[in-house]
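*Asks:* A single structure is presented below for examination.
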Amino acid sequence: MDIRCRQWSRAALDCTAPDLAPRLGSIIASHEPVGKVHRFYVDRYGFNRGCAVIAFSGDNPNSLAGLRLRDGGDIAISLGTSDTMFGSISEPVPSASEGHIFANPVDPNGFMAMICYKNGSLTRESVRDAHVDGTWPGFNAALAGTSPVNDGYMGFYFREPEITPPILATGTYRFDPSDNPVDSFLPQVDARAVLETQFLSMRSHSKNIGLTPGRILATGGASQNLSIIKVMAHVMSKAVSTTEVADSAALGAAYRALHGWKCKRAGSFVPFSSVFAGLPPFQVVANPDDQAHDKYSNMLQRFTKLEKRVMQG
């Protein structure tokens, strides 16, 4: 799909398969009905025969809906086995080497950008297990013994080949304050380094595809660790909220079904915010440190330089 004009790309169709366009059907807006529920589901599960079926979306766009990320600058950072950063944007900034751009599932005129990282929670856990004491309280205690920017020590931790940026070689790359490679850090330095470089990478690469955080919503298992979230707030220089919403993709699909029904009943598009009007806002749990902001902004230039060194081997 050409996401700007919301039509199938002729060039992509021509190099994919003969007569593909008729098989794909027409592109429609995400809130539009595509028909009524099939008789099979009416007979077997008791659906109402008049039940409308709304156009579907994939899991990541539905997560955007489930987390109520409707405005430009609304960003979610999911801290799971893999880390994902995604949000709503007003103008697409596609990149050939990093991230993904989608049509926005809740705004017919908007877009969605997303960056994925292979090295997420499992990589953080590997640092915890190898260099601290194997427990999160121990990791958090080690982290508390350090300060923002880690006295200039920086590490890159690739337990798995990385997606963003594309790095196939696994391993750990540590640098002292003078950018000299070193073999090891003190345990507390490793604890902070793995977090700082993961969030610096998000801050660095997100802007390349138009993701400029206005507010950040942290989700996933690691989002329940306030020590990690505080580092996120300082590095990203934004307040961070958290949510205990489980299965945000499934919740987003339900929100989108309700939204489609509201649009159908109104006979025109209605704002997606009408779906969750009255729900309490997500709670802010960590605010950025103003003094840390300047330190991390300066650190970002150095991070980019060292990341290129790692990529070049």
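*Asks:* Could you please rank K305, K36, placing first whichever residue has the fewest other Cβ atoms within 10 Å of its Cβ? List each step's numbers first, then the result.
*Replies:* Working: K305 10, K36 14.
By the 10 Å Cβ count, ascending: K305, K36.
*Asks:* So, one more: Where nothing but the Cβ of Lys and Arg (+1) and of Asp and Glu (-1) is charged, how large is the charge dipole of the chain around its Cα centre, in debye to the nearest 20?
*Replies:* Approximately 1160 debye in magnitude.
*Asks:* Within 10 Å of each candidate Cβ there may be at most 16 other Cβ atoms; applying that plus a DSSP loop requirement, which chymotrypsin sites (Phe, Trp or Tyr not before Pro) in the stretch 44-98 survive? Numbers along the way, then the final one.
*Replies:* Details: sites: Y45, F47, F56, F86; in loops: F47, F56.
Here the chymotrypsin sites (Phe, Trp or Tyr not before Pro) that fit, given the DSSP loop and packing criteria, are F47, F56.
*Asks:* Taking the Cβ of each residue in F40, F282, F199, F139 as the centre, tally the other Cβ atoms inside 10 Å and list the residues starting with the fewest.
*Replies:* Working: F40 9, F282 18, F199 21, F139 27.
Neighbour counts put them in this order, fewest first: F40, F282, F199, F139.
*Asks:* Using the 10 angstrom Cβ neighbour count as an exposure proxy, how do V284, V240 rank, fewest first?
*Replies:* Listed from fewest to most nearby Cβ atoms, that is V284, V240.
*Asks:* Separate question: Using every pair of alpha-carbon atoms in the stretch 98-210, split the distances into 5 Å bins beginning at 0 and state the percent of pairs per bin, rounded to integers.
*Replies:* Bin by bin from 0 Å, the calculated values are 2, 11, 19, 20, 18, 12, 7, 5, 4, 1, 0.
*Asks:* Can I ask one more? In terms of modelled amide H atoms, which long-range or inter-chain residues lie less than 5 Å from the amide H of M154?
*Replies:* Placed amide hydrogens put F175 under 5 Å from M154.
*Asks:* Let me ask something else about it. Would you mind computing the Rg to Rh ratio of the chain from its alpha-carbon coordinates, Kirkwood style for Rh?
*Replies:* With Rg and the Kirkwood Rh in hand, the quotient comes to 1.03.
*Asks:* Could you work out how far the C-alpha centroid of the stretch 237-299 sits from that of the stretch 118-150, in angstrom?
*Replies:* Measuring centre to centre over Cα atoms gives 28 Å.
*Asks:* Which order do the peptides 258-269, 59-70 take when ranked by the mean count of other beta-carbon atoms within 10 Å per residue, highest first?
*Replies:* Per-residue Cβ counts within 10 Å, averaged per peptide and sorted highest first, yield 59-70, 258-269.
*Asks:* Can you list the lysines whose alpha carbon is less than 30 Å from that of K264, not counting same-chain residues fewer than 8 positions off?
*Replies:* K36
*Asks:* Additional query: Applying the Karplus parametrisation 6.51 cos²θ - 1.76 cosθ + 1.60 with θ = phi - 60° to the phi angles of the stretch 269-280, what ³J(HN,Hα) value in whole Hz is obtained for each residue in order, glycine and proline being reported as x?
*Replies:* Running phi through 6.51 cos²θ - 1.76 cosθ + 1.60 with θ = phi - 60° gives 5, 10, x, 4, 4, 5, 5, 10, 4, x, 6, x Hz.
*Asks:* In straight Cα distance, which lysines are under 28 Å from K238, not counting same-chain residues fewer than 8 positions off?
*Replies:* Output for K238: K118, K207, K230, K295, K305, K308.
Any read-out appearing in this document is the output of simple, stated calculations on the displayed coordinates, not a laboratory observation. Every value quoted in this text rests on a predicted model; they were computed, and no experiment measured them. Quick reminder, even Gly has a Cβ in these numbers, built from the backbone with ideal geometry, and neighbours come from all protein chains shown.
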